[in-house]
Every structure is written in structure tokens, then in C-alpha cells.
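Chemist: One structure is given below, represented as C-alpha cells, and several questions about it will come after.
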Amino acid sequence: MAAAPHPRAGLWRWTSQTAGAKDVCLSGQLLSVFASRPDCPPARRWRTASGAYEVRIACQAGPAGGVYARAQGDFNSAFQIDLRLGEATDHIDARYLGPCPPGRRPDDQP
């Protein structure tokens, strides 16, 4: 199983095709999209020949049914995620902006 990527801790500009842009403070921990879900079988994770990380979570519970995500980039200055939750899809571009502002707590579920 391939280790999932951990983005650099700090402030990121998170631009989603479906939700628009927002700035999020990340802790440097595993992104929630790559984490296993408690009501689901263990996530399958792998790294492709091109260096992208992929995860598939085949969950029968909930409206989405399953999750597929593909992430690529250096995770230090930028990365992209293609995401499919059931029938819904999204593309996310993330760019590192710098340290989180003082007093702002990390939110690892943008």
C-alpha cells in the first residue's frame, strides 16, 4: 500500500470547481479524503507510475457509496486532486501561500 501524501503545514489557497476558492490552514497531516472511514472497509491506496497518489474507498453506507481520489503535485508548494464521491466529481487546485496567520487553527477538511 502506498503512503498517502501529507501537504506542507501552513496556509493554502484551495480552489474547487464546485465550491470556488478559499484559504485553508492545513496542519501537515493526512488530508481527510485519503483517510479511512470508520463504517467502511479499509481504503485501497496506491501510487501510479506517473507519481500520482490514488485512493479508493468502497463504502456501502451513506449517499455517496464510495470515494475515489487522485492527487498529484509536490505537496510542498502545490498539488491537485480529482475527486469522485458517488456520481459527484470535483477538481481541486491547491497552492501554498505561507504560514498560517497567528491564532488560526488548522482545518484538515477543506
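Chemist: May I ask you to list the residues in segment 26-56 that are part of a strand (DSSP E or B), more than 18 Å from GLY66 (Cβ to Cβ) and more than 13 Å from the chain's Cα centre (by Cα)? I'd like the intermediate steps shown before the answer.
Modeler: At the first step, the residues of segment 26-56 found to be part of a strand (DSSP E or B) are 26, 44-47, 53-56.
If we keep only those that are more than 18 Å from GLY66 (Cβ to Cβ) as well, we get 26, 47.
Scanning segment 26-56 gives a single hit, ARG47.
Chemist: May I pose another question? Identify all residues within segment 18-45 that are at pLDDT below 90 and farther than 17 Å from PRO7 by Cα; write none if there are none.
Modeler: SER36, ARG37, PRO38, ASP39, CYS40, PRO41, PRO42, ALA43, ARG44
Chemist: Pull out all pairs, ordered by first then second residue, where Cβ-Cβ is under 6 Å, the residues are six or more apart or on different chains, the first lies in segment 44-57 and is β-branched (Val, Ile, Thr), and the second is exposed (fewer than 11 other Cβ atoms within 10 Å of the Cβ) and at pLDDT 85 or above.
Modeler: Within 6 Å, no pair qualifies.
Chemist: Sort out which residues of segment 71-102 are in a strand (DSSP E or B), of a type outside the set (S, T, N, Q) and surrounded by 17 or more Cβ atoms within 10 Å (Cβ to Cβ), and write them in order of number.
Modeler: So the first thing to find is which residues in segment 71-102 are in a strand (DSSP E or B), and the list is 71-73, 78-85, 88-98.
In the following step, the residues that additionally are of a type outside the set (S, T, N, Q) were identified as 71, 73, 78-79, 81-85, 88, 90-98.
Matches in segment 71-102: ALA71, GLY73, PHE79, ILE81, LEU83, LEU85, ILE92, ALA94, TYR96.
Chemist: Is it fair to say GLY51 is small (Gly, Ala, Ser), under 20 Å from PRO5 (Cα atoms) and at pLDDT 90 or above? Outline the logic, then answer.
Modeler: Working: small (Gly, Ala, Ser): yes; under 20 Å from PRO5 (Cα atoms): yes; at pLDDT 90 or above: no.
No: the conditions fail for GLY51.
The values are calculated or read from the model by the stated rules, or taken from the named source; none is laboratory data. Given the structure is predicted, the values throughout are model-derived calculations rather than measurements. Please note: Cβ atoms are built from the backbone with ideal geometry, for glycine as well, and neighbour counts cover all protein chains shown.
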